[in-house]
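Structure first, then comments.
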Amino acid sequence: MRILIADDHPMIRTAIEVLLRDTGLTIVGSATTGEEAMRAVDELKPDVLLLDVQMPEGSGMDVLRALRADGQRLRIILLTAGIEDPALIEAQALKVDGMVLKNSDPAYLIECLDAVRGGRTWLDPELRERIARLIESAPSERPSLAPRERELIKCVRQGLRNREIAQQLGVTEGTVKVYLHNVFDKLGVKNRTELAIRADEFLAGSYLKQARS
């Protein structure tokens, strides 16, 4: 099985290389940014991408979204020192093949790779428990959000103005205003300040709803 490592920390990359020695797994390359990871996937055609969640020039979540949107059959394992609830649920909704916490027992990564090689999904026990708690506590009546509405909420959370949101989404400012009012009505919020404050809550709820379906 051919593996590509995408992580901007040299010590992590070296530790993984040492861990995978004599396992029959082949490391075909490494990347230190999201952009490099996308290029390396295209050039090296790995079987599995070990993907750090936090990287410069495109986070691991950005790479995961792009690869899934592109219809890539590549198996993806997220490596993370910590992941927020919305990203955790989104990763599951995007059918990530594995998730491993960097502070876990190194044997977990080998276990995860063995499972993924066998066509199964593997989640770090701590993350599996978090997902179960989130699903159990999430309100079932929360409305669904379309992908474009999620992107809009993320932009509002970042504090972007309508003009900047329009540029990022590739629409007009007038369209952004329409989207905003629709999202306000759907989620029952009064303004963009409330939307920004509760963005993580709404995003996590939306991804949970998608993960359940």
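Listing for the model above:
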item: Per-region count, region 95-115, residues in a helix (DSSP H, G or I), of a type in the set (A, V, I, L, M) and farther than 15 Å from I5 by Cα; result: 2
item: Members of region 74-94 found to be of a type in the set (A, V, I, L, M, F, W, C) and more than 12 Å from G205 (Cα to Cα), listed by number; result: L74, I76, I77, L78, L79, A81, I83, A91, L94
item: Members of region 89-123 found to be at positive phi and in contact with a helix residue (DSSP H, G or I) (Cβ under 9 Å, 6 or more places away or on another chain), listed by number; result: K95
item: I135 touching a Leu at 6+ places or on another chain (Cβ under 7 Å) and surrounded by fewer than 16 Cβ atoms within 10 Å (Cβ to Cβ); result: yes
item: Residues satisfying the stated conditions in region 95-123, i.e. within 17 Å of Y207 (Cα to Cα) and surrounded by fewer than 19 Cβ atoms within 10 Å (Cβ to Cβ); result: K95
item: Of residues in region 54-75 being of a type in the set (D, E) and under 24 Å from G119 (Cα atoms), the one modelled with the lowest pLDDT; result: D70
item: In region 53-91, the residues that are out of contact with any Ser or Thr (no Cβ under 7 Å at 6 or more places or on another chain), acidic (D, E) and touching a residue at least 24 places away in the same chain (Cβ under 8 Å); result: D62, E84, D85, E90
item: Scan of region 49-76 for residues that are assigned to a strand (DSSP E or B) and either surrounded by fewer than 23 Cβ atoms within 10 Å (Cβ to Cβ) or outside the structural domain of P125 (by TED's automatic domain parsing) (or both), ordered by number; result: R75
item: Hits in region 167-191 (condition: closer than 14 Å to V156 by Cβ and not in a helix (DSSP H, G or I)); result: V189, K190, N191
item: The listed residue being without any contact (Cβ under 8 Å) to a residue 12 or more places away in the chain, out of contact with any Asp or Glu (no Cβ under 6 Å at 6 or more places or on another chain), closer than 22 Å to L88 by Cβ and in a helix (DSSP H, G or I), out of E164, E149, E194, E129; result: E129
item: Every residue from region 152-167 that is in contact with a helix residue (DSSP H, G or I) (Cβ under 6 Å, 6 or more places away or on another chain) and not basic (K, R); result: L152, I153, C155, V156, N162, I165, A166
item: Members of region 1-26 that are closer than 18 Å to K45 by Cβ and touching a residue at least 40 places away in the same chain (Cβ under 8 Å); result: M1, R2, I3, L4, I5, A6, L25
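The values are calculated or read from the model by the stated rules, or taken from the named source; none is laboratory data. These numbers were taken from a predicted model, which means no experiment stands behind them. Heads up, the Cβs are rebuilt from the backbone with ideal geometry, glycines too, and the neighbour counts pull from every protein chain shown.
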